[in-house]
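Input: a single structure, listed below in structure tokens.
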Amino acid sequence: MIHKKTIRRTFQVAMLFFIFTACGDDKKKQNATKAQIEAEVDMPSKQFFEISLAQWSLHKAIRENGMDPFDFAKQAKALGFNAIEYVSGLYTKQVKALGIDAVVEKLKHESEKHNVKNLLIMIDGEGHLASSDEKQLHKAIENHKKWVDAAKELGCHSIRVNAHGEGAYQEVLEQAVKGLSKLSEYAQTKGINILVENHGGYTSNGQWLASVMAKVNMPNCGTLPDFGNFCIKRKEDGCEDEYDKYKGVEELMPYAKAVSAKSYDFDEHGNEKEIDYSRMLQIVKNANYSGYIGIEYEGSILSEKDGIIATKKLLEKAAKTVK
């Protein structure tokens, strides 16, 4: 038979143990919570996008200084990039001499060798996809199909095209819808996106290009907003009709599947002189975009490599200001 005093003593010891343990657990939780808060405060905000390199950033090296365009993957990797965007016009001679299949095979080999990801091909010189001439429009669509195939073979997600045409605002808009729809139908069978960049003419009018996208209304037809390139009509010494770049990017972002960070020149603080990168990145973030932003340096003050590095640093710096 157990004595009543023993039972009371056992109960008191158990209660004291529970109280001390609970207090200890609360203290541990408080310390853990404090450490977590401090870590979150000290931890820098995560960059919401990844950075790629557009080959146009090295077009002078290729066209004027003898750089082999097949070395693009190698050069990009050396500059710290793991993803690249090709420019078809920088392989015109190679395609003519070797054929597009051989060019694609070599590019694929080089990208795998240097472990870089192929994102897209920017297509120029293959005809106007908003031409009012039906024969020319058909020819342009057919010309672009081989690049859709090339993008598929390279593992890219898209080709960037130009939706240029001749005529009045609405006329060119309707032809762009027709041309892009037909090309996108073919590209859809290959799992490739057709992207239109603001690249002069009506395409540099954000409202016009957004209207084209809404009318095409296909999941694989989108935009590639460029932070620059909002000159609708040029003149000898500059731009005669320029669209608001921030308004334009905001209008194009709902359809964006890639973004181009254009840069020209920098001030003493490393900021782009013509483009507010923090403002641009906030617009991009507000559209819930989280893909790649491709660097496209077009300046003349810095060397191409220095300009690429300066643009990359600016993107990383501006990303920290985005809310």
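The values are calculated or read from the model by the stated rules, or taken from the named source; none is laboratory data. Here the structure is a predicted model, which is why all the values come from computation and not from measurement. All Cβ positions, even for glycine, are placed from backbone atoms using ideal geometry, and neighbour counts span all protein chains on display. With ligands, DNA and RNA removed, areas are computed over all heavy atoms of the protein, side chains included. Shrake-Rupley method; radii C 1.70, N 1.55, O 1.52, S 1.80 Å.
Remarks
- Using the Cβ-Cβ distance between K145 and N115 with R0 set to 51 Å, the FRET efficiency from 1/(1 + (r/R0)^6) comes to roughly 0.95.
- Reachable lysines from K139, criterion Cα separation under 20 angstrom, eight or more residues apart if same chain: K96, K178, K182, K190
- Nonpolar atom fraction for region 225-323, defined as the carbon and sulfur part of the 1.4 Å probe accessible area, stands at 44 percent.
- Cα-based helix-to-principal-axis angle, 169-188 vs the chain, degrees rounded to 10: 70 degrees
- Contour minus Cα-Cα distance for Q207 and S278 (0.36 nm per residue): 23.3 nm
- Annotation: the antiparallel percentage among DSSP beta bridges lying fully within the chain is about 15.
- Stokes-Einstein, applied to the Kirkwood radius of region 143-213 over Cα pairs at a viscosity of 0.890 mPa s and 25 °C, places its translational diffusion at 196 µm² s⁻¹.
- The chain: Cα Rg divided by the 2.2 N^0.38 Å rule of thumb: 1.39
- Overall, the chain carries a charge dipole of about 2380 debye about its Cα centre when +1 sits on the Cβ of Lys and Arg and -1 on the Cβ of Asp and Glu, all other atoms neutral.
- In this calculation the C-beta distance from A97 to D124 is compared with R0 = 22 Å, giving a FRET efficiency of 0.75.
- Here region 63-138 has an Rg and Dmax of 14.7, 45 Å, counting Cα atoms alone.
- Altogether, the Stokes-Einstein calculation at 20 °C and 1.002 mPa s, with the Kirkwood radius of region 168-323 over Cα pairs as Rh, returns a diffusion coefficient of 131 µm²/s.
- Using only the C-alpha atoms, the convex hull of region 54-206 corresponds to 114 Å³ per residue.
- Of M218, M253, M122, the residue with the greatest mean-square motion in the GNM of the chain, using alpha carbon springs below 10 Å, is M218.
- The C-alpha atoms of the chain define a longest principal axis, and helix 134-154 lies at about 40 degrees to it.
- Calculated accessible area for region 167-283 comes out at 43 Å² per residue, all protein chains present (probe 1.4 Å; ligands, DNA, RNA ignored).
- Estimated distance in nm for a label pair at N288 and Q136, the labels positioned 7 Å out from Cα along Cα-to-Cβ: 4.0 nm
- The angle between the Cα long axis of helix 4-42 and the main principal axis of the chain comes to about 20°, on a 0 to 90 degree scale.
- Accessible solvent surface per residue of region 56-149, calculated while the other protein chains remain in place, 1.4 angstrom probe, Å²: 50 Å²
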